[in-house]
Amino acid sequence: MNTLKFTLIIFLTVLLCSCKKDRTTTHPLVGTWELRADINGLTALRTNYPPGNGRILKFTSSQYEKQDAGKVIVKGNYTLRNFISQLTGEETSGIFFDSEPSVSNSLTIEGSTFTLSMDVYDSPGSVYERIGP
């Protein structure tokens, strides 16, 4: 009887320890973002936008969709990869949209804020805030 209990305990332990949880890692960019500010590259003037302004960027693991007032303006695929910045000469995180494959956009995500700017002198920039998964 003790051998049966011991065998059962060992079997249950092995069974429970062998189960693996599926872990999917998603990039922090994946989700829904709303425009909060545009920054003029020539003047550095910042134009702020209130919550609910309808200027949305949605990202899945490989696709994006840009909306304005609920209407899709552009959608397609994107890739994330590091590149050497023309501005700093250093490696930086970038996003490349299939609609503009030759344009290097630097990408910074800090908490619930996402900053996007072209990697050229006097380039404009945009600041987005996460509003959904």
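Table for the structure above
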| item | result |
| --- | --- |
| Those residues of the range 80-133 which are in contact (Cβ under 8 Å) with a residue 24 or more places away in the chain, loosely packed, with under 13 Cβ neighbours inside 10 Å and basic (Lys, Arg), in sequence order | none |
| Residues located in the range 88-99, provided they are over 17 Å from residue 126 (Cβ atoms) and assigned to a loop (DSSP other than H, G, I, E, B) | 88, 89, 90, 98 |
| Residue within the range 79-87 that is under 21 Å from residue 32 (Cβ atoms), of a type outside the set (A, V, I, L, M, F, W, C) and assigned to a strand (DSSP E or B) present | yes |
| Residue identified as within 12 Å of the chain's Cα centre (by Cα) and of a type in the set (A, V, I, L, M) among 39, 95, 56 | 95 |
| Odd one out for residue 47, checked against (1) surrounded by fewer than 12 Cβ atoms within 10 Å (Cβ to Cβ); (2) over 20 Å from residue 129 (Cβ atoms) | (2) |
| Residue check for residue 76: surrounded by fewer than 15 Cβ atoms within 10 Å (Cβ to Cβ), small (Gly, Ala, Ser), touching a residue at least 40 places away in the same chain (Cβ under 8 Å) and closer than 22 Å to residue 26 by Cα | no |
| Matching residues in the range 11-36 - criterion: being under 21 Å from the mean Cα position of the chain (by Cα), modelled with pLDDT under 95 and among the hydroxyl-bearing types (Ser, Thr, Tyr) | 24, 25, 26 |
| Filtered residues of the range 36-69 (kept if in contact with an Asp or Glu (Cβ under 8 Å, 6 or more places away or on another chain), within 25 Å of residue 122 (Cβ to Cβ) and among the aliphatic types (A, V, I, L, M)) | 42, 57 |
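The values are calculated or read from the model by the stated rules, or taken from the named source; none is laboratory data. Here the structure is a predicted model, which is why all the values come from computation and not from measurement. Every residue, glycine among them, receives a Cβ derived from its backbone with ideal geometry; neighbour counts consider all protein chains shown.
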